[in-house]
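Just below is one structure, and these are the notes that go with it.
The values are calculated or read from the model by the stated rules, or taken from the named source; none is laboratory data. All values derive from a computational prediction rather than experimental measurement. Methodologically, a virtual Cβ is constructed for each residue, glycine included, from the backbone with ideal geometry; neighbour enumeration extends over all protein chains shown.
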Amino acid sequence: MSILNVTNLSKHFGKLQVLKDINFSMEEGQVVSIIGSSGSGKTTLLRCINMLENANGGKIYLDGKLFIDADSSVKYTPGQLRTKQLSLGLVFQDFNLFPQYNVLENVTLAPRLLAKERSDYKTRKKEILYEIEENAKSILASVGLSEKLESYPCQLSGGQKQRVSIARALALKPRILFFDEPTSALDPELTGEILKVIRQLAAEHITMIIVTHEIDFAYSVSDKVIFMDKGVIAEEGTPDEVLKNPKNPRTQAFLQKLS
Amino acid sequence: MSKFQELFIPVTLSLLEGLGVTFKIFTLTLLFALPLGLIISFGSMSKWAPFKFLNGLHKNGNKLIAIISNFKPISFLIRILVWVIRGTPLMLQLILFGLGPGLIGIKGMNTFVAVMIAFVLNYACYFSEIFRGGIEAVPRGQYEACQVLGMTRTQTFFKVVLLQVVKHIIPPMGNEFITLVKDTALANTIMIYEITWNAKRFMASKHVLWPLFYSGIFYLLFCGILTVIFRQFEKKLSYFD
Ligand SMILES: Nc1ncnc2c1ncn2[C@@H]1O[C@H](COP(=O)(O)OP(=O)(O)O)[C@@H](O)[C@H]1O
Ligand SMILES: [Mg+2]
């Protein structure tokens, strides 16, 4: 059973049709890369799946269960929306760290607030908070930030900020982790450290969808590559199929431009 | 004994008495204008558009329907209010509230209450713009990050947004507080016996000018203390940006 199944997803902003009839699926533990020129709808696709944007049509299934039904006019309550959003994680292009919290607090804030809803929170508060902190520390260690727990975002490099934001998303153990051009806001010499972290997550079989312009990286890390053009999936397949032997002339033109 | 020596103690006592009234106007204005300003700022950002349902009708480009469907009455009215209050002299508003009720035959309105209404309304409007600026300065990405991290709206506001707003508004608030200290002097025009009124009293009765300049020292000290307090706050929040 696919972990994610997107069917007939569509989205428009006013008269501008940004996503048209998007269909794709992926399996647990897979890495899918989405490539395509600027304005082709990659960000909007991630935002619709993560419910930051309301799709106008289509259905999305998570673990075989109906996750988003954009064909129905029924609105989700804020509570339902939260539960759904918690099962996915999103890493933004420009980090969006919380400036007033240090690195460790950035990672523990959401889990701590979430823990308050546990039925055993009152009786086991100390243990729970301890577990949350230890978990955050071990994730931060895995992205190489053990030395920076007490630093504030303004004291970090772009690459370090992005690693904090990845750790922050991981701390909630999402079923799928989405990245929207995680290296685009970084100086070129800092992209490597982020790609390394993502490779490491792939090796741990974290299910990920990555929007990226790093073609070599997408080739080596992905199980599947999707090429988007003007709001549709113009081509999809294995990295070899899409990146080495593209059939669609538009994919060929796009890759030509990048190389 | 010179006239100066003779008058110094009574003038000082009288100005201190006036300072009490000044301080009262200052604190009461803040006490009511800060929360009212927050409410006004929410009103000015209100997105309530009761005719939004007409939206579907202007597909074929009817401009008038488009304008009506986007009309936000609360935001519109609040912005008119803020425009009028900020666009006219506080002095004029003080006179309107202080003397206006008497002119249209409403008797027994307490002058101090009238002064407070004018001050609170005026400052609430200025504060509302500062709050709005502070709230709008928090990037949308902060809200979105909270959302994908499963935080509720209340948690988002209190745990993430609020402190960033506070940091943004401290410098302009400091300015407004200091302006308010000096604006309280306007109350003397409608017979409120604050510092400046007391200083002017000696000008008229004893024909001396110096009590007026002397009163400046009281304002200076008052504002000096505020400046130090605000600088302290600013420093406390300077660890992030
Ligand atoms: N909130 C929005 N309102 C209106 N148009 C938008 C909005 N967000 C994106 N768009 C438009 O949708 C198209 C796709 O944008 P986006 O999904 O950001 O593309 P990509 O991430 O592939 O560069 C662009 O033409 C963009 O201008
Ligand atoms: Mg994008």
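Residues that are of a type in the set (S, T, N, Q), out of contact with any Gly (no Cβ under 7 Å at 6 or more places or on another chain) and surrounded by fewer than 18 Cβ atoms within 10 Å (Cβ to Cβ) are absent from the range A:100-111. Please tell me if A:GLY144 is surrounded by fewer than 17 Cβ atoms within 10 Å (Cβ to Cβ) and touching a residue at least 24 places away in the same chain (Cβ under 8 Å). Taking the combined requirement at face value, the residue satisfies it. Looking across A:THR83, A:THR108, A:THR77, A:THR123, one residue alone is at the interface with another protein chain (Cβ under 9 Å from one of its Cβ atoms) and of a type in the set (Ser, Thr, Tyr). It is A:THR83. Taken as a whole, the range A:120-129 holds at least one residue that is in a loop (DSSP other than H, G, I, E, B) and over 21 Å from the mean Cα position of the chain (by Cα).
Just so you know, in the range A:169-190 the residues that are away from ligand 2 (no atom under 16 Å from the Cβ), in contact with a Ser or Thr (Cβ under 9 Å, 6 or more places away or on another chain) and not in a loop (DSSP other than H, G, I, E, B) include one that is farthest from the other protein chains (Cβ to nearest Cβ), and it is A:LEU190. Scanning the range A:29-66 for residues that are farther than 22 Å from A:PHE92 by Cα and touching a residue at least 40 places away in the same chain (Cβ under 8 Å) gives A:ASN56, A:GLY57, A:GLY58, A:LYS59, A:TYR61, A:ASP63, A:GLY64. Taking the range A:22-47, which residues are of a type outside the set (S, T, N, Q) and either near ligand 1 (Cβ under 9 Å from one of its atoms) or part of a loop (DSSP other than H, G, I, E, B) (or both)? Across the range A:22-47, the qualifying residues are A:GLU27, A:GLU28, A:GLY29, A:ILE34, A:GLY36, A:GLY39, A:GLY41, A:LYS42, A:LEU45, A:LEU46, A:ARG47.
Within the range A:202-216, restricting attention to residues that are assigned to a loop (DSSP other than H, G, I, E, B) and of a type in the set (D, E, K, R), the residue that is farthest from ligand 2 (Cβ to nearest atom) is A:GLU204.
Of all residues in the range B:126-140, one or more are within 18 Å of the chain's Cα centre (by Cα) and under 23 Å from A:LEU109 (Cβ atoms).
For the range A:3-18, the count of residues that are within 16 Å of ligand 2 (Cβ to nearest atom) and in a loop (DSSP other than H, G, I, E, B) is zero. The set of residues from the range A:48-69 being within 16 Å of ligand 1 (Cβ to nearest atom) and aliphatic (A, V, I, L, M) comprises A:ILE49, A:MET51, A:LEU52, A:ALA55.
Yes or no, residue by residue, for (1) at pLDDT 95 or above; (2) surrounded by 13 or more Cβ atoms within 10 Å (Cβ to Cβ); (3) not in a helix (DSSP H, G or I):
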| residue | (1), (2), (3) |
| --- | --- |
| B:ALA66 | no, yes, no |
| B:PHE71 | no, yes, yes |
| B:ILE80 | yes, no, no |
| B:LEU99 | no, yes, no |
| B:TYR123 | yes, yes, no |
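Of all residues in the range A:70-82, those satisfying the criterion of being modelled with pLDDT of 90 or more and either over 22 Å from B:MET151 (Cα atoms) or of a type in the set (A, V, I, L, M) (or both) are A:ALA70, A:ASP71, A:SER72, A:LEU81. Residues in the range A:39-65 that are more than 16 Å from ligand 2 (Cβ to nearest atom) and surrounded by fewer than 20 Cβ atoms within 10 Å (Cβ to Cβ): A:ASN54, A:ASN56, A:GLY57, A:LYS59, A:TYR61, A:LEU62, A:ASP63, A:GLY64, A:LYS65. When the helices (runs of 4 or more DSSP H) confined to the range B:133-241 are screened for residues that are within 28 Å of B:ARG79 (Cβ to Cβ) and either away from chain A (no Cβ under 14 Å) or not aliphatic (A, V, I, L, M) (or both), those reaching at least 3 such residues are found at B:140-148, B:162-183.
For the range A:217-238, taking the residues that are within 16 Å of ligand 2 (Cβ to nearest atom) and in a loop (DSSP other than H, G, I, E, B), the one that is nearest to the other protein chains (Cβ to nearest Cβ) is identified as A:GLY231.
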